[in-house]
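Structure, as structure tokens:
The values are calculated or read from the model by the stated rules, or taken from the named source; none is laboratory data. Because the structure is predicted, anything quoted here is derived from the model rather than measured. Please note: Cβ atoms are built from the backbone with ideal geometry, for glycine as well, and neighbour counts cover all protein chains shown. SASA here: full protein model, heavy atoms, side chains in, ligands and nucleic acids out. Shrake-Rupley method; radii C 1.70, N 1.55, O 1.52, S 1.80 Å.
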Amino acid sequence: QLPVDTSVLKELVAFSGVTRALLETIEAKDPSTRGHCDRVASLSRRLAIAAGCDDQLIDEATVCGWLHDVGKIGVPDHILQKTGSLTDEEFTIVKRHTITGERILGSLPQIDAIRDGVRSHHERWDGRGYPDGLAGEAIPLIARIVAVADAFDAMCSKRAYRDGMPAPQACAEIAACAGTQLDPFLVACFLEMNPMDHSASIRISSPENTLRHSA
């Protein structure tokens with residue numbers, strides 16, 4: 001991994017038109033997820049701070065939160081927007097977004113950690129995730145951070161196939177997943193913060209100024 005001479009976050013925000021264009025492309029494919037990546041970025045940043053991460057990892061987790069679903073650009077619209085449960089074949093296609101996202105970011109310099117997070121944010125603490133079946137601390141820390149933030153916001157968000165659940169219920173679900181789906185230490189850190197405190201949100205600037213769908 002190449003050394004990062006300057007803040008990864010500052011580098012990518014400097015090219016915010018490109019980053020925003022990627023996010024807009026994702027959200028245009030599935031309008032029900034509008035704002036999801038911004039919220040995951042905010043929660044990932046706050047969780048990284050709560051977990052005592054250094055400044056570089058805090059910035060990287062933020063950017064990874066923005067870009068974690070970039071690989072869904074390669075998923076057909078009729079699958080992303082399906083209102084019922086996915087078939088096994090459709091779910092297999094959706095799961096490829098982690099590898100596709102890693103490949104999309106492959107040409108950007110000095111962001112190995114962010115690519116790792118994009119690839120591994122659907123790995124599980126118990127080893128039953130994808131795409132590589134990693135378990136425990138073998139999962140990159142950045143991916144474990146984004147996984148908690150992504151799971152919470154996915155549960156709270158209204159989707160085409162279900163309504164969002166209230167934040168307290170989502171927090172209870174996060175707690176129940178500690179040690180199985182999610183890193184138990186990060187879950188404890190997450191539950192100590194107020195995940196619905198939107199005043200702490202961070203958004204990238206614009207160029208001008210439990211269905212399988214949870215993949």
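When the residues of the stretch 64-80 are filtered to those that are touching a Lys or Arg at 6+ places or on another chain (Cβ under 8 Å) and surrounded by 15 or more Cβ atoms within 10 Å (Cβ to Cβ), the one that is nearest to GLY35 (Cα to Cα) is GLY65. Taken over the stretch 170-203, the criterion of being modelled with pLDDT under 90 and either assigned to a helix (DSSP H, G or I) or of a type in the set (D, E, K, R) (or both) is satisfied by ASP197, HIS198, SER199, ALA200, ARG203.
A count restricted to the stretch 59-116 and to residues that are touching a helix residue (DSSP H, G or I) at 6+ places or on another chain (Cβ under 8 Å), of a type in the set (Lys, Arg) and modelled with pLDDT of 95 or more stands at 1. Taking the listed residues ALA143, ALA135, the one that is under 21 Å from GLY179 (Cβ atoms) and open to solvent by less than 20 Å² (accessible area, probe 1.4 Å) is ALA143, with no other qualifying.
Consider HIS36 carefully, then state whether it is at negative phi and modelled with pLDDT of 90 or more. Answer is no for this residue.
The helices (runs of 4 or more DSSP H) falling completely within the stretch 66-169 that include 2 or more residues that are of a type in the set (Gly, Ala, Ser) map to 112-120, 141-156.
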